[in-house]
Amino acid sequence: MAISILRILILFALSVSLLYSKETEEQLHPDACVYGASPAGIMAAAALAREGYQVALIEPMHTIGGLLAFGFRMQQDVPDPQHLGGMTREFYDQDVSLHPGLLPPGLRHLQAAGPDNVRLLQRFLDRYAGRISVVTHHRIVSAQVENKAIREAVFEEAVADRYGVPPAQRTSDRLLRVSAKIFIDASYEGDLMALAGVPYRIGRESREEYGESLAGVVVSRRFPGVDPYKIPGKPESGLLSPIRPGPIGKEGDASPFFMSWNLKMAWEMAPSEKYPGVPMGAPLHRDEDVYELLRRYESAGFRTTWPDENFRRTELLTGAIPGFQTEYPDGDWATRSRIWQGFIDHVRSLTERSGKDVRLLSDYCVETSGWPCLYMRGGRRMIGEYVMTQQDLQLQTDIPHSIGMGYYKVDIYPTRLGVDEEGVLVQEGEIFSMVSPGPYQIPYGAIIPKKGSISNLLVPMMMSATHVAYSSIRMEGTYMVMGEASGIAAALALKSEQSVQGIDRDALTALLEKYGAELKWDGTGFYTKSLWRSNIFGKPSKTVGRWETNPEEYTVHPVQSLWKTDANPMP
């Protein structure tokens, strides 16, 4: 009798569960699905809708806009806007008009432009409001692939906590199934790409693999006198937790470690009655090793400055613990949630240790209690039809079918803390080098999988590049350029009923030009008298181009030959 009742209860529970699941499942059947309402995803969705197609834009967080929604100033990472075209240049010009200086009136911190950025980006979606459906709080669970094409993607509802930390498990039984003819992965993680089975890599290539002089392991700083072991002087006691075990490797070796992430913060610099600031709070999980390592660092004569809005990479542990994010790209959501919370706890630990009353900006990231999203400087990188390399940045190759341009230094934040063969604590991986005398072209082949792989997917963010090349490409403005191009290419594939690999690329070029894309540098106007930047940072800073220190790397197209006028003579 008891067994029969138990069976009845189990069957009843199962029937209720199935009924509830059916009631909370939703299906969408747009022409195209864009995963990630990042700036790139918004440009992609708008470009598709402009051509008359219905688009589902699915976003894991609570807002559109990605990093720009959390306060980033696009102008910061655009040394010169001449290489930006299409909708990206339109956004840039609007941003400059709205925020013409480093800290214009009404903006109390450099990293506090989020609400304005969201409003500007929303305008692109509003132009095609009847064709774009936006769904937030949903992250991808699976991708159904048939005959080398994605047929359906399934998303789960996952609402972040009050600090913006993604949950380890989904937060409801609501599932969203999206069937579409074409997909675009415009997310910072590249999960759609990975779940579809597209090859990718994480970490750094060796110098030999692509002949890149900046690739692989490089010791960027040494910290002699800072004992790295839990019990000073005793290696057998193990390393303090921020320090990664294992050998550093030889210079130029491949490495699983990639450039650091952090939280780009906005502080209430002068708390007032009107703007009191948001208290930081204590670490949820306090890592005493962080406190001990910083104590030893300072005891050895090194200086720690805090607060810092970004990551002062010349120091040991300001905005990040180098390498802390290494397991995030391929981790499950429990792992990702732990790492994200760890970054918040690290900032709280630094603040607590400083003894300063550091407060978050009062009206910044209100939904997440003042905390920005995690600044992901790349993780996965697709191995696509064309892999961009350092040589492409140096203008040493002729790019086939350019979709737009990028322009920035090779900017690699420290990748790890380790101990060298002499037992000295070292920082590994940091590089900041001017290798591009002007903007470099990005080929269409860098945003699509190889032929024979998935035929209906474009990847404008976790695109195909080496770690060195990606470290320059990884700017929001460049993401947006690639996003619009991916939307235009997707529309062309839909119209011609071709795979993304099989579209008419001359027709793609014509469409890009129609919509104002900048596809080729004219050789003038970017590098003048060793100056770098002319944006909101004010007076450009002096820098030394790599062509001056390593001219042997510029033999295919000597830098001097790239200038077509004498308006900007070489120094």
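The values are calculated or read from the model by the stated rules, or taken from the named source; none is laboratory data. Note that the structure is a prediction, hence the values are computed from the model and not measured. Positions of Cβ are backbone-derived with ideal geometry, glycine not excepted, and every protein chain shown enters the neighbour counts.
General observations
- Consider the range 452-505 and keep the residues that are acidic (Asp, Glu) and touching a residue at least 60 places away in the same chain (Cβ under 8 Å). The one that is nearest to GLY85 (Cα to Cα) is GLU484.
- Among residues of the range 439-451 that are over 13 Å from TYR479 (Cα atoms) and touching a residue at least 12 places away in the same chain (Cβ under 8 Å), those with a beta-carbon under 7 Å from a residue that is among the charged types (D, E, K, R) and crowded, with 24+ Cβ neighbours inside 10 Å at least six positions away or on a different chain give the pairs TYR440/ASP392.
- For first residues located in the range 182-204 and within 20 Å of LEU57 (Cβ to Cβ), partners that are surrounded by fewer than 23 Cβ atoms within 10 Å (Cβ to Cβ) and aromatic (Phe, Trp, Tyr) and lie 6+ apart or on another chain with Cβ distances below 7 Å form the pairs GLY190/TYR200; MET193/TYR200; ALA194/TYR200.
- Checking each residue in the range 335-368 for being surrounded by 15 or more Cβ atoms within 10 Å (Cβ to Cβ) and on the phi > 0 side of the Ramachandran plot picks out only CYS365.
- For ILE399, the conditions (1) in contact with a strand residue (DSSP E or B) (Cβ under 6 Å, 6 or more places away or on another chain); (2) assigned to a helix (DSSP H, G or I) are fulfilled apart from (2).
- Inter-residue pairs, beta-carbon under 7 Å, first within 24 Å of SER349 (Cα to Cα) and aliphatic (A, V, I, L, M) and in the range 236-258, second at pLDDT 95 or above and in a loop (DSSP other than H, G, I, E, B), 6+ apart: LEU239/PRO228; LEU239/PRO245; LEU240/PRO228; ILE243/PRO228
- Residues satisfying the criterion are present in the range 107-127 (criterion: among the polar types (S, T, N, Q), surrounded by 19 or more Cβ atoms within 10 Å (Cβ to Cβ) and assigned to a helix (DSSP H, G or I)).
- Single residue of SER187, SER133, SER206, SER179 found to be small (Gly, Ala, Ser), in contact with a His (Cβ under 6 Å, 6 or more places away or on another chain) and surrounded by 15 or more Cβ atoms within 10 Å (Cβ to Cβ): SER179
- Flag if SER142 is of a type in the set (Ser, Thr, Tyr), in a strand (DSSP E or B) and more than 18 Å from GLY487 (Cβ to Cβ): yes
- Matching residues in the range 308-364 - criterion: being β-branched (Val, Ile, Thr) and closer than 20 Å to ALA282 by Cα: THR318, ILE321, ILE339, ILE344, VAL347, THR351, VAL358
- Test: residue in the range 126-137 that is aromatic (Phe, Trp, Tyr), under 16 Å from GLU476 (Cα atoms) and either modelled with pLDDT of 95 or more or out of contact with any Cys (no Cβ under 7 Å at 6 or more places or on another chain) (or both): no
- TRP267 passes every criterion in (1) surrounded by 15 or more Cβ atoms within 10 Å (Cβ to Cβ); (2) more than 31 Å from the chain's Cα centre (by Cα); (3) modelled with pLDDT under 95 apart from (2).
- Residues of the range 313-349 satisfying the condition of being over 16 Å from the mean Cα position of the chain (by Cα) and of a type in the set (S, T, N, Q): THR314, THR318, THR335, SER337, GLN341, SER349
- Selection from the range 446-485 of residues that are farther than 26 Å from PRO256 by Cβ, in contact with a Phe, Trp or Tyr (Cβ under 9 Å, 6 or more places away or on another chain) and either at pLDDT below 95 or among the small types (Gly, Ala, Ser) (or both): GLY477, ALA485
- Of all residues making up the range 161-195, the number that are in contact with a Pro (Cβ under 9 Å, 6 or more places away or on another chain), closer than 22 Å to GLN54 by Cα and not charged (D, E, K, R): 7
- Count of the range 505-550 residues, restricted to those that are at pLDDT below 75 and either buried (at least 18 other Cβ atoms within 10 Å of the Cβ) or not hydroxyl-bearing (Ser, Thr, Tyr) (or both), is 11.
- In the set VAL217, VAL226, only one residue is part of a loop (DSSP other than H, G, I, E, B) and more than 27 Å from the chain's Cα centre (by Cα); that residue is VAL226.
- Within the range 369-381, residues that are modelled with pLDDT of 95 or more have Cβ atoms under 7 Å from residues that are in a loop (DSSP other than H, G, I, E, B) and among the β-branched types (Val, Ile, Thr) in these pairs: GLY379/ILE202; ARG380/ILE202, counting only partners at least 6 apart in sequence or on another chain.
- Contacts under 8 angstrom Cβ, first residue in the range 116-127 being of a type in the set (D, E, K, R), partner in a helix (DSSP H, G or I), 6 or more apart: ASP116/ASP95; ASP116/LEU98; ARG127/ALA46; ARG127/ALA49; ARG127/ARG50
- Of the numbered criteria (1) surrounded by 13 or more Cβ atoms within 10 Å (Cβ to Cβ); (2) in contact with a strand residue (DSSP E or B) (Cβ under 7 Å, 6 or more places away or on another chain), the one PRO245 fails is (1).
- The selection criterion, being exposed (fewer than 13 other Cβ atoms within 10 Å of the Cβ), among the β-branched types (Val, Ile, Thr) and without any contact (Cβ under 8 Å) to a residue 40 or more places away in the chain, does not hold for THR318.
- Number of the condition not met by ASN310 [criteria: (1) touching a Lys or Arg at 6+ places or on another chain (Cβ under 7 Å); (2) modelled with pLDDT under 95; (3) buried (at least 19 other Cβ atoms within 10 Å of the Cβ); (4) within 30 Å of PRO224 (Cβ to Cβ)]: (3)
Residue-by-condition table, conditions (1) modelled with pLDDT of 95 or more; (2) in a loop (DSSP other than H, G, I, E, B):
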| residue | (1), (2) |
| --- | --- |
| GLY301 | yes, yes |
| THR304 | no, yes |
| GLN325 | yes, yes |
| ASP345 | yes, no |
